[in-house]
Every structure is written in C-alpha cells, then in structure tokens.
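Each remark here refers to the structure printed beneath this line.
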Amino acid sequence: MPPVETILTPTGLRDWPLPVPEGDKSSRGRVLVIGGARTAPGAVMLAGQAALRVGAGVLTLAVAQSVAGPVAAAVPESAVLWLPETASGSVAGGSVEVIQRALGSAAAILIGPGLDDVDETAELITGLVSAAPQDLPIVLDAYAIGALGQLPRHVLTALRGRLVLTPNHTELERLLAAAGEQSGGADSGNADSGNADSDNADSAASDSDAADDPQRRLAEHYEAVLSSDNRIVTPAGNRWLAPAGHSGLGTSGSGDVLAGALVGLLARGVELGQAACWATYLHAAAGDRLAARVGSLGFLARELLDQLPLVLTELQA
C-alpha cells in the first residue's frame, strides 16, 4: 500500500513549527541565488526577495554582468555578483570562480531562476557542486532542472540527500524522461542474498508504487525532495498536499517566488522536507489571499512577495 498523503493545514503546520529566529541577520542564514541571464533578470530578483520575505537574513544574487548593475539598484537589500556571460547574454558555465567565495558562507543556494541555456547551466552546476561544501542544501529550478539529464554521474551522486527540485508540469515530464534514460544504464542488484525472494517482493511493490506516482519515482531516483503542483514528495516516500492555491498561481515568475521561499527557509536551518511543505503552503496561501482581493486571475508574481510574511505570521501566531 502506498504511503498516505498528508493534507497540509494551518493546524498541522503549527504543530510542525519552524525554528525560532535568534540573534542577528547572519544567524538566520545566508542565501545565494544564481541565475539572471540578460533576458530574464527579474526571475532572480523575485526569488531573492522571497527568501528575505520568509526570514532569511542575508542575500546574495549572482547574475550576468550586463544586468548586475540594474539588479543591484532594484534590490538594494542584496549583494550582487557579476558573472561572465556568453555573447547571447547567458550566464557562462565557467562562472564558478566568481561565485566560489560566496559558496563558503552560504547556508543554502538556489540555481536556475532566469537562466536560459541548458548546456551552460549544466557546466555551471557541475562546477558549483565540486566547489560547494558537501552538506550545503541546493535547490534547482527552471533551466537548472532541465540540466539534470546532462549532469555527470558523480555530480548527481554528490547532490543526493541535499537536493530540492521545484519542477512545473512541463519540467516534471522532462525529468521523468531524463530519469528513465539515466536508469537504463544502472547496475542491477545482487540476487544472491538469503532474503532474495523477500527483497525482490519489496522492490517490486516499491517499483509499482513509484510507477503510480511519478513524483515519488523522481524523488527516489535523484534522492531529492520534490515540490510540484502543490504536492511534496521525499525519497523515503513521505507525501503531502497543500490544498490551497488555484490556477492564478500559473503566472510568470510565480515559480521563482516558490523556489525563493524554499531556499530562504533552508537557509534558516529548516530540513528539506519541512522547508518544501512550508514554502509550498505559503506560496499557495499567498495566492489565495490575492485572489480574494484582486481576483483569481491577473495578479502578478511580485504581489505574492508582500503576502508571504503575512501568511507566515498567521501560521506562527
């Protein structure tokens, strides 16, 4: 029988409280958001501001050098790193040297908002994973999710256990295709154990459950927490659903706000599954608040930012 899907409610979240912030801004965590190609600098700004809105203490945005100045002016609360870029304005895959110093002090990083070249992004992730501390939580969004299928096996291995993915429906389908290709070359297990029949039966049941739940399949394959379409799944098979939210959240930049809220909570020291649940619920409930005031369609992703601390305060009251 597959694990029961837990419905996220205000009462349930209050019974699963976030760590109480103490001390100065550094004690609430340093967030590093990497993205912002020339064509989409707004995505990284939305994500970074969302991280601050859920209580992260210090923000650094790493963006293409041609837009770094405007980004710094638009988000004065953030430090800004100027990344090398390609002729087309994409963030160059060899930008790790510029980012490396910030990696050492970061409590959590988000890669993807506003990136626009899968090949350059795959190179960038490969370099970042090699340079980052081994226990640093990493959130992948947008083009960074699309680059997963191109990452070397040793990079995927290094990401296991500390990775959160926030795919939309299209990205989820691409992830499933990429995971199928990567699984095809995997080594088969050893069937010479004395408990082989039992192990095989358990494995078959697990495979059947995963086949019925694509998100669980991906969570197991990448050993990552997934948040997609208001559902959260962990590699262990834990599943939650945020019943809030509506189609109005399907608007440009909305996913950047979700990913930013998630990395902000991770920076505060929240574990991966809890951070994904709280961020997903906050994002959905913020959309509900706007729907009541503005309408179910037509509000802007940046308007979600002002709602996040209000919903957070209500949940923690």
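The values are calculated or read from the model by the stated rules, or taken from the named source; none is laboratory data. These numbers come from a predicted model, not from an experiment. Glycine gets a Cβ as well: all are built from the backbone with ideal geometry, and neighbour counts include every protein chain shown.
Data table
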read-out	value
The listed residue being closer than 19 Å to Leu312 by Cα and not aromatic (Phe, Trp, Tyr), out of Gly55, Gly35, Gly89	Gly55
Hits in the range 257-316 - residues which are among the acidic types (Asp, Glu) and more than 21 Å from Ile111 (Cβ to Cβ)	Asp288, Glu303, Asp306, Glu314
Hits in the range 282-313 - residues which are exposed (fewer than 13 other Cβ atoms within 10 Å of the Cβ) and out of contact with any Gly (no Cβ under 8 Å at 6 or more places or on another chain)	Ala292, Arg293, Thr313
Residue list for the range 105-147, restricted to those being part of a strand (DSSP E or B) and in contact with a Lys or Arg (Cβ under 9 Å, 6 or more places away or on another chain)	Ala108, Ile138
Search result, residues across the range 95-113 that are of a type outside the set (Asp, Glu), surrounded by fewer than 21 Cβ atoms within 10 Å (Cβ to Cβ) and either without any contact (Cβ under 8 Å) to a residue 12 or more places away in the chain or under 13 Å from Gln65 (Cβ atoms) (or both)	Val98, Arg101
Any hit, the range 21-28, residues being within 22 Å of Ser227 (Cα to Cα) and either surrounded by 13 or more Cβ atoms within 10 Å (Cβ to Cβ) or touching a Pro at 6+ places or on another chain (Cβ under 8 Å) (or both)	no
Boolean, Val54 is crowded, with 21+ Cβ neighbours inside 10 Å, in contact (Cβ under 8 Å) with a residue 24 or more places away in the chain and within 16 Å of the chain's Cα centre (by Cα)	yes
Near pairs, Cβ below 9 angstrom, 6+ apart or cross-chain, from the range 77-92 (closer than 13 Å to Ile34 by Cα and among the polar types (S, T, N, Q)) to any residue that is assigned to a loop (DSSP other than H, G, I, E, B) and modelled with pLDDT of 95 or more	Ser90/Ala37; Ser90/Arg38; Ser90/Thr39; Ser90/Leu115; Ser90/Asp116; Ser90/Asp117
Residue within the range 131-142 that is among the β-branched types (Val, Ile, Thr), touching an Asp or Glu at 6+ places or on another chain (Cβ under 9 Å) and either under 16 Å from Ala106 (Cα atoms) or without any contact (Cβ under 8 Å) to a residue 40 or more places away in the chain (or both) present	no
Elements of type helices (runs of 4 or more DSSP H) contained in the range 195-313, each with 2 or more residues being hydrophobic (A, V, I, L, M, F, W, C) and modelled with pLDDT under 95	196-212, 272-293
Cβ pairs under 6 Å, 6+ apart, first in the range 1-12 and at pLDDT below 95, second assigned to a loop (DSSP other than H, G, I, E, B)	Pro3/Gly237
Single match in Ala64, Ala92, Ala87, Ala72 (criterion: under 20 Å from Arg30 (Cα atoms), among the small types (Gly, Ala, Ser) and at pLDDT 95 or above)	Ala72
Residue in the range 97-104 that is of a type outside the set (Ser, Thr, Tyr) and over 23 Å from Ala56 (Cα atoms) present	yes
